Amino acid sequence: MVLGSMAPRRRWLLLVLAALAVVALVAAGAVAVTRLTGDDKPDRNTPAAGSPSASPPGTPTPSPTGPPPGAGITGPLNLLLVGVDTRVSVPGWEPHADAVLVLHVPKGLDRAYLFSLPRDLLVDIPAFPKSGYKGGKTKLTHAMSFGSRVPGKPKQPSTAQGYELLRSTVSGYTGLRFDAGAVLTFTGFDRLVDTLGGVDVYVDQKVASLHRRPDGKYRETGPNGYIGPQQVYEKGNQHLNGWQALDYARQRYITGGDYARQRHQQQLVRALTRKILDEGLARQPERVDQVVAALGDTLVYTGGGKRIIDFAYALGGLPADKFVLVGLPGSGVGKGSAYQGEQLTSVGKKFITELRAGRADAYLAANPTLRVKT
């Protein structure tokens, strides 16, 4: 089912960054693509790809006299990038946010900070009349599922609607207002990486895959879990294809647990973004079309009325070495022996406060362990 009109082609940086949010997903699925305006209604003024009024693939955006796309975007910008587990093959399954990443670009658009929020972070999720959710304190991942419920249609959850509640929840927790965002399932991710010719990443610890065999096929399950040979990612510089990149970033039953998984997701974001910037994809329409085609129908995008190409041009001058990865430390929360979720430490929370105040660099200098090494 198509949720709205197809997003325009020739979109690269934001679209690719959004795609990278899928690296933590744990099951296959597909989300129909939509363009949303600021009030999250389908933008009927954007023609569907393939329609008579849509530009054919690879057609450059017209350049009338005047400023280029995105000329009025000066920052600061906050983008919310979400990877969603949508097991559409399971009746009644609701989408869960398994990767929640925030990209902050300060005024001047000369650097960017990317950090993840734990999927199990305990947060206050506000009431959401659209889905009938009355609000409560629970894990962040559930905001997507609670918001996706469509009254009267229990088997037809709305990922776009779920994103709306997730965005409000993250905004309430961080104090950040989001200018744009996107949701992807992981089905487009491996195709995206393969379209770009794979990705070079430094594997910072030995990681044994819970899910895949060395030949890429899924491992069989036995009475006590997965059985059979395992794909292993050895420490050091590695070139990963699509399924390997996705599989590597899914693993959380490793040293460091989910926080290590968040770090690996960010490292892949950085590696792919650096490759895209180095190759200058914004000036290669045919390559951009390949990237867009690889994503297919797996994208939900919201841009507050701005096109993806506006953000692409605005962020096109971002130096690759100014893309800063930040790991926010946290710890488990429980009552007795019962695990309830995660909470950020005071150091992690303070980073978000300093980021809002424009003092992120000074705070990172005082707390260098927050920087994720690549």
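The values are calculated or read from the model by the stated rules, or taken from the named source; none is laboratory data. Because the structure is a prediction, the values reported are computed rather than measured. In this analysis, Cβ positions are derived from the backbone assuming ideal geometry, glycine residues included, and neighbour counts consider all displayed protein chains.
Some values worked out for this structure:
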item	result
Checklist (1) at pLDDT 95 or above; (2) in a loop (DSSP other than H, G, I, E, B) applied to His239, failing item	(2)
Residues being within 20 Å of Val84 (Cβ to Cβ) and assigned to a strand (DSSP E or B) - total across the stretch 167-217	5
Members of the stretch 315-340 found to be in a strand (DSSP E or B), of a type in the set (Gly, Ala, Ser) and more than 16 Å from Arg261 (Cα to Cα), listed by number	Gly334, Ala338
Condition broken by Pro151, with the remaining ones in (1) of a type outside the set (D, E, K, R); (2) without any contact (Cβ under 8 Å) to a residue 24 or more places away in the chain; (3) touching a Phe, Trp or Tyr at 6+ places or on another chain (Cβ under 6 Å) satisfied	(3)
Subset of the stretch 315-344 that is within 23 Å of the chain's Cα centre (by Cα) and polar (S, T, N, Q) - its residue that is surrounded by the most Cβ atoms within 10 Å (Cβ to Cβ)	Gln343
Output for the stretch 350-374, where each listed residue is buried (at least 18 other Cβ atoms within 10 Å of the Cβ) and either aliphatic (A, V, I, L, M) or part of a loop (DSSP other than H, G, I, E, B) (or both)	Ile352, Leu355, Ala360, Leu364, Leu370, Val372
Cβ-Cβ under 7 Å pairs, at least 6 apart or on other chains, the stretch 330-343 side in contact (Cβ under 8 Å) with a residue 60 or more places away in the chain, far side among the basic types (Lys, Arg)	Gly341/Lys139
Residues satisfying the stated conditions in the stretch 214-264, i.e. closer than 30 Å to Gln343 by Cβ, of a type in the set (Asp, Glu) and surrounded by fewer than 21 Cβ atoms within 10 Å (Cβ to Cβ)	Asp258
Exclusive hit being within 9 Å of the chain's Cα centre (by Cα), in a strand (DSSP E or B), at pLDDT below 85 and of a type in the set (Val, Ile, Thr), set Val100, Val84	Val84
Positions within the stretch 150-174 being of a type in the set (Ser, Thr, Tyr) and at pLDDT 90 or above, in sequence order	Tyr163, Ser168, Thr169, Ser171, Tyr173, Thr174
Residues located in the stretch 169-213, provided they are crowded, with 17+ Cβ neighbours inside 10 Å and hydroxyl-bearing (Ser, Thr, Tyr)	Thr169, Tyr173, Thr174, Thr185, Thr187, Thr195, Ser209
Filtered residue count, the stretch 218-236, keeping only those that are without any contact (Cβ under 8 Å) to a residue 24 or more places away in the chain, in a loop (DSSP other than H, G, I, E, B) and not small (Gly, Ala, Ser)	6
Residue list for the stretch 131-166, restricted to those being surrounded by fewer than 17 Cβ atoms within 10 Å (Cβ to Cβ) and outside any strand (DSSP E or B)	Gly132, Lys134, Gly135, Pro151, Gly152, Pro154, Lys155, Gln156
